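I have placed the structure first, in the form of C-alpha coordinates, so that the comments after it can refer back to it.
The values are calculated or read from the model by the stated rules, or taken from the named source; none is laboratory data. A quick note: this is a predicted structure, and the numbers were derived from the prediction, not measured. We place every Cβ from the backbone using ideal geometry, glycine too, and count neighbours over all the protein chains shown. Accessible surface is based on the protein model in full, side chains and every heavy atom, while ligands, DNA and RNA are left aside. Shrake-Rupley method; radii C 1.70, N 1.55, O 1.52, S 1.80 Å.
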Amino acid sequence: MSDSKVKLTVDGKELEYATIAGSVGPKVVDIRKLYAQTGMVTYDPGFTSTASCDSALTYIDGDQGVLLHRGYSIEELSEQSSFMEVAYLLLRGNLPNKGELDSFVHTITRHTMVHEQLSTFFRGFRRDAHPMAIMCGVVGALSAFYHDSTDITDPVQRMIASHRLIAKMPTLAAMAYKYSVGQPFVYPQNDLSYTGNFLRMTFSVPAEEYEVNPVIEKALDRIFILHADHEQNASTSTVRLAGSSGANPFACIAAGIACLWGPAHGGANEAALNMLREIGTPERIPAYIARAKNKDDPFRLMGFGHRVYKNYDPRATVMQKTVREVLTALNVSDPIFDVALQLEDMALHDDYFIEKKLFPNVDFYSGIILSAIGFPTDMFTVLFALARTVGWVAHWNEMISDPEQKIGRPRQLYTGPAPRAYLPVEKR
Ligand code: SDX
(Lines give C-alpha, C1' and ligand atoms only; values in the text may rest on other atoms or scores of the structure.)
Protein backbone atom coordinates (compact mmCIF):
# COMPACT_ATOMS: atom_id res chain seq x y z
CA MET A 1 0.00 0.00 0.00
CA SER A 2 1.94 3.02 -1.31
CA ASP A 3 1.72 6.20 0.75
CA SER A 4 3.59 9.58 0.64
CA LYS A 5 7.01 10.11 -1.01
CA VAL A 6 10.48 11.15 0.17
CA LYS A 7 12.96 13.20 -1.86
CA LEU A 8 16.69 12.59 -2.23
CA THR A 9 19.02 15.01 -4.05
CA VAL A 10 22.01 13.30 -5.71
CA ASP A 11 24.54 15.40 -7.70
CA GLY A 12 21.95 18.17 -7.96
CA LYS A 13 19.32 15.78 -9.29
CA GLU A 14 16.14 15.42 -7.17
CA LEU A 15 14.86 11.85 -6.88
CA GLU A 16 11.59 10.68 -5.31
CA TYR A 17 11.00 7.40 -3.49
CA ALA A 18 7.62 6.10 -2.43
CA THR A 19 6.94 5.25 1.22
CA ILE A 20 4.82 2.23 2.08
CA ALA A 21 2.74 2.00 5.24
CA GLY A 22 2.14 -1.34 6.97
CA SER A 23 -0.97 -2.17 9.01
CA VAL A 24 0.82 -0.77 12.10
CA GLY A 25 4.37 0.35 12.83
CA PRO A 26 7.02 2.34 10.94
CA LYS A 27 6.55 3.07 7.24
CA VAL A 28 9.25 1.93 4.81
CA VAL A 29 11.00 3.91 2.05
CA ASP A 30 10.98 1.83 -1.14
CA ILE A 31 14.58 2.22 -2.38
CA ARG A 32 14.62 -0.73 -4.75
CA LYS A 33 15.47 1.59 -7.67
CA LEU A 34 18.19 3.54 -5.79
CA TYR A 35 21.22 1.71 -7.25
CA ALA A 36 19.89 1.81 -10.83
CA GLN A 37 19.16 5.55 -10.51
CA THR A 38 22.24 6.67 -8.52
CA GLY A 39 24.90 3.95 -8.71
CA MET A 40 24.89 4.09 -4.90
CA VAL A 41 23.67 1.58 -2.32
CA THR A 42 22.53 2.18 1.28
CA TYR A 43 24.86 1.34 4.18
CA ASP A 44 23.33 -0.20 7.32
CA PRO A 45 25.52 -2.83 9.05
CA GLY A 46 23.36 -4.86 11.45
CA PHE A 47 20.23 -3.66 9.62
CA THR A 48 19.33 -1.17 12.35
CA SER A 49 17.12 0.82 9.91
CA THR A 50 16.49 -1.72 7.17
CA ALA A 51 13.43 -3.85 6.43
CA SER A 52 14.44 -7.04 4.60
CA CYS A 53 10.90 -8.10 3.74
CA ASP A 54 7.24 -7.59 4.51
CA SER A 55 5.57 -10.04 6.89
CA ALA A 56 2.15 -10.59 8.45
CA LEU A 57 3.28 -12.90 11.25
CA THR A 58 4.57 -10.80 14.16
CA TYR A 59 4.63 -7.14 15.12
CA ILE A 60 6.91 -5.62 17.77
CA ASP A 61 6.65 -2.06 19.10
CA GLY A 62 9.98 -1.75 20.90
CA ASP A 63 9.18 1.62 22.50
CA GLN A 64 5.88 0.45 23.95
CA GLY A 65 7.01 -3.12 24.72
CA VAL A 66 4.31 -4.63 22.50
CA LEU A 67 4.51 -8.09 20.86
CA LEU A 68 1.67 -9.36 18.65
CA HIS A 69 1.37 -12.64 16.75
CA ARG A 70 -1.12 -12.22 13.87
CA GLY A 71 -2.60 -9.33 15.91
CA TYR A 72 -2.96 -11.18 19.24
CA SER A 73 -0.90 -9.90 22.20
CA ILE A 74 1.74 -12.13 23.76
CA GLU A 75 0.12 -11.46 27.14
CA GLU A 76 -3.22 -12.94 26.04
CA LEU A 77 -1.66 -15.81 24.09
CA SER A 78 0.68 -16.83 26.94
CA GLU A 79 -2.18 -16.73 29.45
CA GLN A 80 -5.03 -18.26 27.41
CA SER A 81 -3.58 -20.19 24.44
CA SER A 82 -1.35 -23.24 23.98
CA PHE A 83 1.87 -23.69 22.03
CA MET A 84 0.11 -25.90 19.48
CA GLU A 85 -2.62 -23.28 19.02
CA VAL A 86 0.01 -20.52 18.58
CA ALA A 87 1.82 -22.74 16.07
CA TYR A 88 -1.41 -23.06 14.08
CA LEU A 89 -2.00 -19.29 14.35
CA LEU A 90 1.48 -18.43 13.04
CA LEU A 91 1.34 -21.02 10.25
CA ARG A 92 -2.24 -20.52 9.06
CA GLY A 93 -3.01 -16.87 10.05
CA ASN A 94 -6.01 -17.28 12.38
CA LEU A 95 -6.83 -19.04 15.65
CA PRO A 96 -8.25 -22.51 14.91
CA ASN A 97 -11.71 -23.72 15.95
CA LYS A 98 -11.81 -26.90 18.00
CA GLY A 99 -11.96 -29.22 14.99
CA GLU A 100 -9.08 -27.46 13.24
CA LEU A 101 -6.96 -27.53 16.40
CA ASP A 102 -7.67 -31.21 17.08
CA SER A 103 -6.79 -32.10 13.48
CA PHE A 104 -3.55 -30.05 13.62
CA VAL A 105 -2.48 -31.61 16.92
CA HIS A 106 -3.31 -35.07 15.54
CA THR A 107 -1.08 -34.41 12.51
CA ILE A 108 1.82 -33.06 14.57
CA THR A 109 1.53 -35.90 17.09
CA ARG A 110 1.86 -38.50 14.34
CA HIS A 111 5.06 -36.97 13.00
CA THR A 112 6.93 -37.01 16.34
CA MET A 113 8.87 -40.23 15.69
CA VAL A 114 12.17 -39.96 13.79
CA HIS A 115 13.69 -42.45 11.33
CA GLU A 116 15.32 -45.18 13.43
CA GLN A 117 18.65 -44.72 11.65
CA LEU A 118 18.83 -41.14 12.93
CA SER A 119 19.56 -42.51 16.39
CA THR A 120 22.90 -43.82 15.06
CA PHE A 121 23.83 -40.21 14.17
CA PHE A 122 24.03 -39.42 17.88
CA ARG A 123 26.55 -42.19 18.49
CA GLY A 124 29.07 -40.31 16.35
CA PHE A 125 29.17 -37.43 18.85
CA ARG A 126 31.20 -37.36 22.08
CA ARG A 127 28.90 -37.70 25.11
CA ASP A 128 30.04 -34.26 26.27
CA ALA A 129 29.21 -32.58 22.94
CA HIS A 130 27.16 -29.40 23.40
CA PRO A 131 23.53 -30.33 22.58
CA MET A 132 23.32 -27.37 20.18
CA ALA A 133 26.21 -28.86 18.17
CA ILE A 134 24.23 -32.10 17.99
CA MET A 135 21.03 -30.28 16.97
CA CYS A 136 22.84 -28.44 14.14
CA GLY A 137 23.96 -31.83 12.84
CA VAL A 138 20.88 -33.98 13.22
CA VAL A 139 18.36 -31.36 12.04
CA GLY A 140 20.42 -30.76 8.90
CA ALA A 141 20.57 -34.55 8.47
CA LEU A 142 16.75 -34.76 8.33
CA SER A 143 17.02 -33.75 4.65
CA ALA A 144 18.80 -37.08 4.09
CA PHE A 145 15.75 -38.97 5.38
CA TYR A 146 12.69 -37.08 4.17
CA HIS A 147 13.24 -36.55 0.44
CA ASP A 148 9.46 -36.80 -0.10
CA SER A 149 9.03 -33.34 1.45
CA THR A 150 11.90 -31.28 0.04
CA ASP A 151 10.30 -30.03 -3.21
CA ILE A 152 9.73 -26.46 -2.06
CA THR A 153 7.63 -25.62 -5.13
CA ASP A 154 4.93 -28.05 -3.92
CA PRO A 155 2.73 -26.48 -1.19
CA VAL A 156 1.71 -29.93 0.04
CA GLN A 157 5.35 -30.99 0.52
CA ARG A 158 6.12 -27.64 2.17
CA MET A 159 3.41 -28.25 4.75
CA ILE A 160 4.50 -31.86 5.35
CA ALA A 161 8.10 -30.68 5.93
CA SER A 162 6.78 -27.94 8.23
CA HIS A 163 4.77 -30.42 10.29
CA ARG A 164 7.75 -32.82 10.42
CA LEU A 165 10.08 -30.10 11.71
CA ILE A 166 7.68 -28.85 14.39
CA ALA A 167 6.89 -32.43 15.46
CA LYS A 168 10.42 -33.84 15.47
CA MET A 169 12.29 -31.03 17.25
CA PRO A 170 11.12 -32.17 20.74
CA THR A 171 12.09 -35.76 19.94
CA LEU A 172 15.56 -34.77 18.71
CA ALA A 173 16.04 -32.33 21.62
CA ALA A 174 15.14 -35.04 24.13
CA MET A 175 17.48 -37.47 22.34
CA ALA A 176 20.33 -34.92 22.56
CA TYR A 177 19.74 -34.66 26.31
CA LYS A 178 19.44 -38.44 26.82
CA TYR A 179 22.65 -38.99 24.85
CA SER A 180 24.52 -36.47 27.03
CA VAL A 181 23.51 -38.26 30.25
CA GLY A 182 24.01 -41.77 28.91
CA GLN A 183 20.36 -42.80 29.23
CA PRO A 184 18.37 -44.66 26.55
CA PHE A 185 16.26 -42.70 24.08
CA VAL A 186 12.54 -42.58 24.94
CA TYR A 187 9.99 -42.88 22.13
CA PRO A 188 7.12 -40.38 21.84
CA GLN A 189 3.77 -41.35 23.36
CA ASN A 190 0.78 -40.21 21.30
CA ASP A 191 -1.67 -39.83 24.17
CA LEU A 192 0.37 -36.98 25.70
CA SER A 193 0.32 -33.28 24.80
CA TYR A 194 3.13 -31.84 22.68
CA THR A 195 4.88 -30.44 25.75
CA GLY A 196 3.98 -33.36 28.03
CA ASN A 197 5.46 -35.72 25.43
CA PHE A 198 8.68 -33.71 25.42
CA LEU A 199 8.92 -33.78 29.22
CA ARG A 200 8.40 -37.55 29.24
CA MET A 201 10.94 -38.17 26.43
CA THR A 202 13.45 -36.03 28.36
CA PHE A 203 13.00 -37.06 31.98
CA SER A 204 11.43 -40.52 32.05
CA VAL A 205 13.56 -43.69 32.44
CA PRO A 206 12.55 -47.26 31.50
CA ALA A 207 12.95 -48.37 35.10
CA GLU A 208 9.86 -46.60 36.37
CA GLU A 209 6.56 -44.95 35.46
CA TYR A 210 6.66 -41.23 34.65
CA GLU A 211 3.83 -38.82 35.44
CA VAL A 212 3.81 -35.45 33.67
CA ASN A 213 3.49 -32.67 36.28
CA PRO A 214 0.62 -30.51 34.91
CA VAL A 215 2.01 -27.30 36.48
CA ILE A 216 5.41 -27.86 34.86
CA GLU A 217 3.72 -28.88 31.58
CA LYS A 218 1.71 -25.63 31.57
CA ALA A 219 4.75 -23.51 32.50
CA LEU A 220 6.95 -25.06 29.81
CA ASP A 221 4.17 -24.76 27.22
CA ARG A 222 3.95 -21.05 28.10
CA ILE A 223 7.74 -20.72 27.75
CA PHE A 224 7.45 -22.26 24.28
CA ILE A 225 4.77 -19.69 23.39
CA LEU A 226 7.06 -16.86 24.58
CA HIS A 227 9.83 -18.13 22.28
CA ALA A 228 7.71 -19.05 19.25
CA ASP A 229 8.46 -16.07 17.00
CA HIS A 230 9.94 -12.59 17.08
CA GLU A 231 9.80 -11.05 13.55
CA GLN A 232 13.14 -10.62 11.72
CA ASN A 233 15.60 -11.58 14.49
CA ALA A 234 19.03 -12.87 13.47
CA SER A 235 18.13 -16.57 13.30
CA THR A 236 14.84 -15.99 11.47
CA SER A 237 16.65 -13.76 8.98
CA THR A 238 19.18 -16.59 8.57
CA VAL A 239 16.39 -19.05 7.79
CA ARG A 240 14.86 -16.63 5.28
CA LEU A 241 18.21 -15.97 3.58
CA ALA A 242 19.03 -19.69 3.37
CA GLY A 243 15.53 -20.41 2.07
CA SER A 244 15.77 -17.65 -0.57
CA SER A 245 18.33 -19.76 -2.47
CA GLY A 246 15.86 -22.67 -2.66
CA ALA A 247 17.63 -24.72 0.02
CA ASN A 248 15.44 -27.44 1.54
CA PRO A 249 13.58 -26.56 4.77
CA PHE A 250 15.58 -28.94 6.98
CA ALA A 251 18.85 -27.27 5.93
CA CYS A 252 17.30 -23.82 6.47
CA ILE A 253 16.19 -24.65 10.02
CA ALA A 254 19.65 -26.12 10.76
CA ALA A 255 21.11 -22.76 9.67
CA GLY A 256 18.71 -20.99 12.02
CA ILE A 257 19.78 -23.25 14.90
CA ALA A 258 23.43 -22.41 14.24
CA CYS A 259 22.72 -18.67 14.31
CA LEU A 260 20.51 -18.88 17.42
CA TRP A 261 23.38 -20.51 19.35
CA GLY A 262 25.31 -17.24 19.54
CA PRO A 263 25.45 -15.67 23.07
CA ALA A 264 24.21 -12.34 21.67
CA HIS A 265 21.04 -14.16 20.55
CA GLY A 266 19.50 -17.40 21.75
CA GLY A 267 22.64 -18.47 23.59
CA ALA A 268 21.98 -15.64 26.06
CA ASN A 269 19.64 -17.75 28.20
CA GLU A 270 22.48 -20.16 29.02
CA ALA A 271 24.92 -17.24 29.44
CA ALA A 272 22.49 -15.32 31.68
CA LEU A 273 22.09 -18.15 34.19
CA ASN A 274 25.84 -18.79 34.18
CA MET A 275 26.32 -15.07 34.86
CA LEU A 276 23.79 -15.07 37.71
CA ARG A 277 25.49 -18.12 39.23
CA GLU A 278 28.92 -16.44 38.89
CA ILE A 279 27.57 -13.36 40.69
CA GLY A 280 26.17 -15.74 43.30
CA THR A 281 25.13 -13.26 46.00
CA PRO A 282 23.50 -9.79 46.01
CA GLU A 283 26.66 -8.28 47.54
CA ARG A 284 28.58 -9.02 44.35
CA ILE A 285 26.04 -7.34 42.01
CA PRO A 286 27.55 -3.78 42.07
CA ALA A 287 30.91 -5.07 40.80
CA TYR A 288 29.23 -6.76 37.82
CA ILE A 289 27.12 -3.71 37.00
CA ALA A 290 30.32 -1.65 37.07
CA ARG A 291 31.93 -4.12 34.65
CA ALA A 292 28.91 -3.96 32.31
CA LYS A 293 29.26 -0.16 32.21
CA ASN A 294 33.02 -0.21 31.63
CA LYS A 295 33.78 0.40 27.96
CA ASP A 296 37.15 -1.36 28.34
CA ASP A 297 35.51 -4.49 29.72
CA PRO A 298 33.81 -6.75 27.13
CA PHE A 299 31.46 -8.05 29.86
CA ARG A 300 27.77 -7.35 29.29
CA LEU A 301 24.77 -8.16 31.45
CA MET A 302 23.45 -11.26 29.72
CA GLY A 303 19.68 -11.25 29.35
CA PHE A 304 19.70 -7.45 29.23
CA GLY A 305 19.24 -5.14 26.25
CA HIS A 306 17.59 -5.62 22.90
CA ARG A 307 17.91 -4.26 19.37
CA VAL A 308 14.20 -3.49 19.18
CA TYR A 309 12.84 -3.30 22.75
CA LYS A 310 13.76 0.04 24.34
CA ASN A 311 11.22 -0.81 27.03
CA TYR A 312 10.58 -3.89 29.12
CA ASP A 313 10.44 -7.04 26.92
CA PRO A 314 6.83 -8.19 27.50
CA ARG A 315 8.05 -11.78 27.45
CA ALA A 316 10.34 -11.10 30.41
CA THR A 317 7.34 -9.88 32.42
CA VAL A 318 5.49 -13.14 31.82
CA MET A 319 8.68 -15.12 32.43
CA GLN A 320 9.26 -13.49 35.84
CA LYS A 321 5.70 -14.35 36.86
CA THR A 322 6.23 -17.94 35.70
CA VAL A 323 9.38 -18.26 37.81
CA ARG A 324 7.28 -17.56 40.92
CA GLU A 325 4.64 -20.12 39.84
CA VAL A 326 7.16 -22.89 39.13
CA LEU A 327 9.24 -22.36 42.27
CA THR A 328 6.04 -22.38 44.35
CA ALA A 329 4.69 -25.48 42.57
CA LEU A 330 7.97 -27.31 43.10
CA ASN A 331 8.19 -25.96 46.64
CA VAL A 332 11.76 -24.85 46.02
CA SER A 333 13.42 -21.51 46.52
CA ASP A 334 16.31 -20.49 44.33
CA PRO A 335 18.69 -17.84 45.72
CA ILE A 336 19.66 -17.08 42.13
CA PHE A 337 16.11 -15.73 41.57
CA ASP A 338 16.71 -13.23 44.38
CA VAL A 339 20.01 -12.25 42.74
CA ALA A 340 18.19 -11.77 39.41
CA LEU A 341 15.47 -9.61 40.98
CA GLN A 342 18.00 -7.42 42.80
CA LEU A 343 20.25 -7.18 39.72
CA GLU A 344 17.26 -6.08 37.62
CA ASP A 345 16.23 -3.52 40.23
CA MET A 346 19.74 -2.04 40.54
CA ALA A 347 20.26 -1.89 36.78
CA LEU A 348 16.88 -0.27 36.14
CA HIS A 349 17.78 2.47 38.63
CA ASP A 350 21.24 3.05 37.13
CA ASP A 351 21.68 6.01 34.73
CA TYR A 352 23.76 3.94 32.28
CA PHE A 353 20.96 1.43 31.73
CA ILE A 354 18.27 4.12 31.83
CA GLU A 355 19.99 6.29 29.21
CA LYS A 356 20.71 3.33 26.92
CA LYS A 357 17.18 1.93 27.52
CA LEU A 358 18.49 -1.48 28.56
CA PHE A 359 15.82 -3.71 30.10
CA PRO A 360 15.64 -7.45 30.86
CA ASN A 361 14.81 -9.47 27.75
CA VAL A 362 13.27 -12.90 27.25
CA ASP A 363 16.51 -14.60 28.26
CA PHE A 364 16.99 -13.01 31.67
CA TYR A 365 14.63 -15.20 33.72
CA SER A 366 14.05 -18.24 31.51
CA GLY A 367 17.11 -20.10 32.74
CA ILE A 368 15.92 -20.01 36.35
CA ILE A 369 12.70 -21.81 35.41
CA LEU A 370 14.38 -24.31 33.10
CA SER A 371 16.96 -25.11 35.76
CA ALA A 372 14.22 -25.60 38.39
CA ILE A 373 12.43 -28.01 36.01
CA GLY A 374 15.64 -30.02 35.73
CA PHE A 375 17.26 -28.97 32.44
CA PRO A 376 21.04 -28.47 32.43
CA THR A 377 22.13 -25.00 31.21
CA ASP A 378 23.50 -26.34 27.92
CA MET A 379 19.95 -27.46 27.04
CA PHE A 380 18.44 -23.96 27.40
CA THR A 381 19.17 -22.80 23.85
CA VAL A 382 17.99 -26.17 22.51
CA LEU A 383 14.60 -25.42 24.09
CA PHE A 384 14.69 -21.95 22.52
CA ALA A 385 15.36 -23.61 19.12
CA LEU A 386 12.57 -26.15 19.71
CA ALA A 387 10.04 -23.36 20.23
CA ARG A 388 11.42 -20.99 17.59
CA THR A 389 11.14 -23.69 14.94
CA VAL A 390 7.46 -22.73 14.74
CA GLY A 391 8.37 -19.14 13.84
CA TRP A 392 11.19 -20.15 11.52
CA VAL A 393 8.90 -22.54 9.62
CA ALA A 394 6.11 -19.96 9.42
CA HIS A 395 8.52 -17.32 8.04
CA TRP A 396 10.00 -19.83 5.59
CA ASN A 397 6.53 -20.67 4.27
CA GLU A 398 5.57 -16.98 4.08
CA MET A 399 8.72 -16.20 2.09
CA ILE A 400 8.58 -19.19 -0.29
CA SER A 401 4.91 -18.61 -1.10
CA ASP A 402 5.55 -14.90 -1.91
CA PRO A 403 5.39 -14.60 -5.73
CA GLU A 404 7.85 -11.67 -5.58
CA GLN A 405 10.39 -13.71 -3.59
CA LYS A 406 13.98 -13.58 -4.90
CA ILE A 407 17.37 -14.70 -3.61
CA GLY A 408 18.73 -12.44 -0.86
CA ARG A 409 22.01 -10.86 -1.90
CA PRO A 410 23.12 -7.74 0.09
CA ARG A 411 25.70 -5.31 -1.38
CA GLN A 412 28.76 -3.85 0.46
CA LEU A 413 31.04 -0.87 0.90
CA TYR A 414 34.34 -2.12 -0.55
CA THR A 415 37.38 -0.95 1.45
CA GLY A 416 40.02 -3.27 0.00
CA PRO A 417 42.99 -2.45 -2.32
CA ALA A 418 42.42 -0.63 -5.62
CA PRO A 419 43.14 -2.75 -8.78
CA ARG A 420 46.84 -3.74 -8.97
CA ALA A 421 49.00 -5.93 -11.30
CA TYR A 422 50.17 -9.40 -10.26
CA LEU A 423 53.91 -9.68 -9.52
CA PRO A 424 55.74 -13.01 -9.83
CA VAL A 425 57.12 -14.22 -6.50
CA GLU A 426 60.76 -13.45 -7.46
CA LYS A 427 59.80 -9.81 -7.91
CA ARG A 428 57.95 -9.32 -4.58
C1 SDX B 1 17.43 -12.40 21.82
O2 SDX B 1 16.29 -9.82 17.76
C3 SDX B 1 15.51 -10.46 18.53
O4 SDX B 1 14.31 -10.34 18.51
C5 SDX B 1 16.22 -11.46 19.46
C6 SDX B 1 15.32 -12.19 20.47
C7 SDX B 1 14.34 -13.14 19.77
O8 SDX B 1 13.31 -13.48 20.39
O9 SDX B 1 14.69 -13.64 18.65
O10 SDX B 1 14.59 -11.25 21.24
C11 SDX B 1 16.16 -13.07 21.40
O12 SDX B 1 18.41 -12.56 21.17
C13 SDX B 1 17.39 -11.45 22.99
C14 SDX B 1 18.78 -10.79 23.25
C15 SDX B 1 19.66 -11.82 23.99
N16 SDX B 1 21.04 -11.28 24.14
C17 SDX B 1 21.53 -10.86 25.30
O18 SDX B 1 20.86 -10.76 26.33
C19 SDX B 1 23.03 -10.52 25.26
C20 SDX B 1 23.25 -9.19 25.97
N21 SDX B 1 22.65 -8.10 25.17
C22 SDX B 1 23.50 -7.43 24.23
O23 SDX B 1 24.54 -8.15 23.66
C24 SDX B 1 22.73 -6.48 23.30
O25 SDX B 1 21.83 -5.81 24.08
C26 SDX B 1 22.01 -7.05 22.09
C27 SDX B 1 22.90 -7.87 21.26
C28 SDX B 1 20.84 -7.86 22.53
C29 SDX B 1 21.49 -5.87 21.27
O30 SDX B 1 22.59 -5.19 20.83
P31 SDX B 1 22.46 -3.92 19.84
O32 SDX B 1 21.05 -3.64 19.52
O33 SDX B 1 23.40 -4.10 18.70
O34 SDX B 1 22.88 -2.73 20.74
P35 SDX B 1 24.37 -2.34 21.05
O36 SDX B 1 25.17 -3.60 21.23
O37 SDX B 1 24.80 -1.36 20.03
O38 SDX B 1 24.20 -1.67 22.48
C39 SDX B 1 23.80 -0.32 22.56
C40 SDX B 1 24.60 0.21 23.73
C41 SDX B 1 26.10 -0.08 23.64
O42 SDX B 1 26.78 0.95 24.34
P43 SDX B 1 27.42 2.17 23.44
O44 SDX B 1 28.32 1.52 22.41
O45 SDX B 1 26.24 2.92 22.84
O46 SDX B 1 28.21 2.98 24.45
O47 SDX B 1 24.16 -0.46 24.94
C48 SDX B 1 25.24 -1.20 25.49
C49 SDX B 1 26.29 -1.35 24.41
O50 SDX B 1 27.57 -1.45 25.00
N51 SDX B 1 24.68 -2.48 25.88
C52 SDX B 1 24.93 -3.12 27.00
C53 SDX B 1 24.17 -4.29 26.95
N54 SDX B 1 23.49 -4.34 25.82
C55 SDX B 1 23.82 -3.22 25.14
N56 SDX B 1 25.73 -2.81 28.06
C57 SDX B 1 25.73 -3.73 29.07
N58 SDX B 1 25.03 -4.88 29.11
C59 SDX B 1 24.23 -5.18 28.06
N60 SDX B 1 23.52 -6.31 28.09
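From largest accessible area down, sort E325, E211, E14; use a 1.4 Å probe on the protein chains.
Values: E325 75, E211 155, E14 115 Å².
Highest to lowest solvent-accessible surface, that is E211, E14, E325.
About its Cα centre, the range 1-60 has a charge dipole of approximately 60 debye under the convention of +1 per Lys or Arg Cβ and -1 per Asp or Glu Cβ, with nothing else charged.
Look at the alpha carbon pairs under 8 Å that are at least 6 residues apart: their mean separation over the length of the chain gives a relative contact order of 20 percent. Any idea what log10 I(q)/I(0) is at q = 0.24, 0.25, 0.29 Å⁻¹ for the range 124-190, Debye with uniform C-alpha scatterers and no solvent? The Debye formula, applied to the Cα set alone, gives -1.04, -1.09, -1.26. Normalised per residue, the accessible area of the range 94-216 is 47 Å², obtained with a 1.4 Å probe and no contribution from ligands, DNA or RNA.
Which order do peptides 252-262, 148-158 fall in by mean Cβ count within 10 Å, highest first? Numbers along the way, then the final one.
Values: 252-262: 24.7, 148-158: 14.7.
Ranked from most to least packed, the peptides come out as 252-262, 148-158.
Only Lys, Arg, Asp and Glu count, each charged at its Cβ (+1, +1, -1, -1), so figure out the dipole size of the chain about its Cα centre, rounded to 20 debye.
1440 debye
For a straight C-alpha distance cut-off of 16 angstrom, the lysines reachable from K178 (same-chain residues fewer than eight places away being disregarded) are K168. For the range 122-257, the square roots of the Cα gyration tensor eigenvalues, ordered a ≥ b ≥ c, give a/c of at least 1.5 with a/b greater than b/c, which places it in the prolate category. Straight Cα distances below 26 angstrom link K293 to the lysines K310, K356, K357, with same-chain residues fewer than 8 positions distant left out. Oblate is the label for the range 164-220, because the ratio a/c of its alpha-carbon gyration tensor axes (a ≥ b ≥ c) is 1.5 or higher and a/b is not greater than b/c. Under conditions of 10 °C and 1.306 mPa s, the chain yields 68 µm² s⁻¹ as its translational diffusion coefficient, taking Rh as the Kirkwood radius over Cα pairs in the Stokes-Einstein equation.
Label-to-label distance for H147 and L8 is 4.7 nm, based on points extended 7 Å past Cα in the beta-carbon direction. In summary, the lysines within cross-link reach of K7, defined as a Cα separation below 21 angstrom excluding same-chain residues under 8 places away, comprise K27, K33. Sequentially through the range 173-179, phi angles give Karplus couplings (6.51, -1.76, 1.60; θ = phi - 60°) of 5, 5, 5, 4, 5, 4, 4 Hz, Gly and Pro residues having no value and appearing as x.
Does the range 318-375 come out rounded, prolate or oblate, given a ≥ b ≥ c as the square roots of the eigenvalues of its C-alpha gyration tensor, rounded meaning a/c under 1.5 and, failing that, prolate meaning a/b above b/c? Prolate is the answer for the range 318-375, as a/c is 1.5 or above and a/b outweighs b/c.
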